[in-house]
1. Go through region 22-31 residue by residue and turn each phi into a ³J(HN,Hα) via Karplus (6.51, -1.76, 1.60, θ = phi - 60°); whole Hz please, and just put x for glycine and proline.
2. Give me the base-10 log of I(q)/I(0) for region 9-72 at each q in 0.15 Å⁻¹, Debye formula, one uniform scatterer per Cα, rounded to two decimals.
3. Taking 0.36 nm per residue of separation and subtracting the Cα-Cα distance, what length does fully extending Thr27 through Glu67 add?
Amino acid sequence: WAAQRIGSDPVAAARLEFLEALNGLPTSVCGDLPRRLEQTRSLRDLWHLRPSVHGLLARHLGQAEAECRLAELNRHFPSSSRTRPRA
């Protein structure tokens, strides 16, 4: 049931993928980022957390892995407006 609700809500789906991007990191290094991700209400909110996600991943898993994971997350944002998502 929860998966169905997420599937119909693009923000919830993106939020879940942002949280999943942190897989492999110890909870102790994530700080309050998971909580901040869970509290997002729009794609714009998630867009503004991208640098935090990228920085954390790059520090702990390497730049290449951070770029790879962020490339997957970027599909949630309009390609015509990479600097300012509409939602």
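Rule-based calculations on the coordinates, nothing more; no lab input. Owing to the predicted nature of the structure, the values given are computational and were not obtained by experimental measurement.
1. 7, 3, x, 9, x, 3, 5, 8, 7, x
2. For region 9-72, the Cα-only Debye profile gives -0.40.
3. Numbers: separation 40, 0.36 × 40 = 14.40 nm, distance 2.07 nm.
Computed gain between Thr27 and Glu67 is 12.3 nm.
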